[in-house]
Amino acid sequence: MANLAVEQRKRVTVLFSGRGSNMETLIKASLADDYPAIITHAITNRPNAGGIEIAKNYNVETSIFDHKAFDSREAHEEVLRAELERQNPDIIVLAGYMRIFNESFVKHFPGKMLNIHPSLLPKFKGVDTHNRAIEAGEKTHGCSVHFVDASLDGGPIVAQASVPVKQDDTADTLSDRVLVQEHLLYPKALELVASEMVTHQNGEIKVSPEFDKTSTNFIIAP
């Protein structure tokens with residue numbers, strides 16, 4: 001790909017709650033001259049989140065809206081929505097953002113929100129995915145990037161990456177291997193969406209005929 005000017009790239013806001021490792025992989029990817037997205041802002045709901053320092057190190061403007069300072073989920077989301085409207089990103093990326101949005105919030109940004117989940121969706125929605133996969137006797141586990149809809153860990157899947165579940169795996173060892181794949185998958189999935197090789201249309205994923213699925217090691221949906 002040719003070098004892309006800043007104004008040619010999709011503007012991205014990242015929401016995070018914790019250490020920010022997935023956010024950092026996205027920021028690093030966006031530093032490439034030919035990457036079709038640029039991380040312009042970051043937002044967290046936790047004042048002590050480790051990712052704040054990461055964003056600062058990369059000069060990414062960061063806003064903090066501590067959910068505990070609000071009387072209700074709705075009040076918190078109203079302020080968050082206003083900030084996102086001010087920033088006006090092309091894509092909103094959830095990178096370890098540990099809050100479940102109300103339906104009205106999600107519908108305010110149709111087809112603009114991406115999330116990464118540590119399972120091969122639709123399996124193991126929700127939390128404690130690695131332990132649940134082991135207890136279920138799964139042979140394969142992994143992660144998924146999907147567009148966000150009003151359902152829990154729902155929405156059309158953009159791409160997935162998998163790892164084998166080993167006989168001696170614990171939730172921690174399996175989590176570590178999945179995280180490696182998350183750091184590879186999320187930048188690639190964002191690249192596909194930002195370049196419009198993969199788009200969200202009427203609740204479904206559409207893949208551009210120009211995109212060669214064999215060019216990636218990941219499973220591209222559909």
Item to check | Selection within region 125-147 - closer than 26 Å to E191 by Cβ and surrounded by 21 or more Cβ atoms within 10 Å (Cβ to Cβ) | outcome: T129, H141, G142, C143, S144, V145, H146, F147
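This table checks each residue for (1) in contact with an Asp or Glu (Cβ under 6 Å, 6 or more places away or on another chain); (2) crowded, with 19+ Cβ neighbours inside 10 Å; (3) closer than 20 Å to P110 by Cα; (4) free of Cβ contacts under 8 Å to residues at least 24 places away in the same chain.
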position: S21; (1), (2), (3), (4): no, no, no, no
position: A32; (1), (2), (3), (4): no, no, no, yes
position: N59; (1), (2), (3), (4): no, no, no, yes
position: A69; (1), (2), (3), (4): no, no, no, yes
position: R81; (1), (2), (3), (4): no, no, yes, no
position: L84; (1), (2), (3), (4): no, yes, yes, no
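Which of the residues belonging to region 34-49 are more than 22 Å from V79 (Cα to Cα) and out of contact with any Asp or Glu (no Cβ under 9 Å at 6 or more places or on another chain)? Full working, then the answer.
The first filter runs over region 34-49 and keeps only residues more than 22 Å from V79 (Cα to Cα), leaving 34-38.
Matches in region 34-49: D34, I38.
Applying the selection to region 156-188, what residues are small (G, A, S) and out of contact with any Phe, Trp or Tyr (no Cβ under 8 Å at 6 or more places or on another chain)?
S162, A171, S175
Looking only at strands (runs of 3 or more DSSP E) that fall completely inside region 1-64, which ones have 2 or more residues that are touching a strand residue (DSSP E or B) at 6+ places or on another chain (Cβ under 6 Å) and more than 26 Å from S195 (Cβ to Cβ)?
Working: elements: 10-16, 37-44, 61-64.
Qualifying strands (runs of 3 or more DSSP E): 61-64.
Computed from the coordinates by the stated procedures, all read-outs in this text should not be read as laboratory data. Not measured: the values here are computed from a predicted model. When we count neighbours, we look across all protein chains shown, and the Cβ atoms used for this are built from the backbone with ideal geometry, even at glycine.
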